[in-house]
Amino acid sequence: AGARAGTAARLMRIRAARRDEAANVAALGARTYRDHYAALWREDELAAWLAEQFDAGAIAADVDAARVLYLVGDVDGTDVGFAKLRWNQPVPARDEHGAELQKIYFLAEQAGRGYGRRLIEACADHAREHGETCLWLDVLKNNERARRLYERCGFAIV
């Protein structure tokens, strides 16, 4: 994927988040979600949902228990996006389990630079290394940009 016009594509490094990074992951998650979806919510409802979804204590507990893998992408030392993988999750409408790509978000100013594809590829690699035979996700029906990316990365609509 190419860079935005007039912007050189930079290398994104990807790392597995550690327990001591839970607060940073929580803040990045809340910011990136807000960047893309705030218009769909009333502010009070959004604030409550973000507090629940991006609770640093819950993130740390999930990382400790190895139930979840958070992959964080950084460019030039700045975290620009992340993905959340949940292991051994039932695949909807199928009789199988796999790694669920539950969240993948980037800062709004970093979207469209090819980082999503890189992070999805890293998710697929980690899922295989973890012994998962399937990588799946849910996406909003009207999120055409994301759906096109997922299809380019080999996902099929089920």
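List of remarks:
- Selection from the stretch 140-154 of residues that are of a type in the set (D, E, K, R) and surrounded by 10 or more Cβ atoms within 10 Å (Cβ to Cβ): Glu144, Arg145, Arg147, Arg148, Glu151, Arg152
- Scanning the stretch 74-91 for residues that are over 15 Å from Ala124 (Cα atoms), touching a strand residue (DSSP E or B) at 6+ places or on another chain (Cβ under 8 Å) and touching a residue at least 12 places away in the same chain (Cβ under 8 Å) yields Asp74, Val75, Asp79, Val80, Gly81, Val91.
- Of the numbered criteria (1) hydrophobic (A, V, I, L, M, F, W, C); (2) at pLDDT 95 or above; (3) out of contact with any Phe, Trp or Tyr (no Cβ under 8 Å at 6 or more places or on another chain), the one Leu140 fails is (2).
- Among the residues of the stretch 127-139, the ones that are within 25 Å of Leu11 (Cα to Cα) and surrounded by fewer than 19 Cβ atoms within 10 Å (Cβ to Cβ) come to 2 in all.
- Entry remark, the stretch 119-158: residues being assigned to a helix (DSSP H, G or I) and not acidic (Asp, Glu) number 15 in total.
- Qualifying residue in the stretch 59-68 (condition: without any contact (Cβ under 8 Å) to a residue 40 or more places away in the chain, touching a Lys or Arg at 6+ places or on another chain (Cβ under 6 Å) and under 14 Å from Lys103 (Cβ atoms)): yes
The values are calculated or read from the model by the stated rules, or taken from the named source; none is laboratory data. Only a predicted model underlies this, so the values are computations on that prediction, with no experimental measurement involved. Neighbour counts are summed over all protein chains in view; Cβ atoms, including those assigned to glycine, are modelled from backbone coordinates with ideal geometry.
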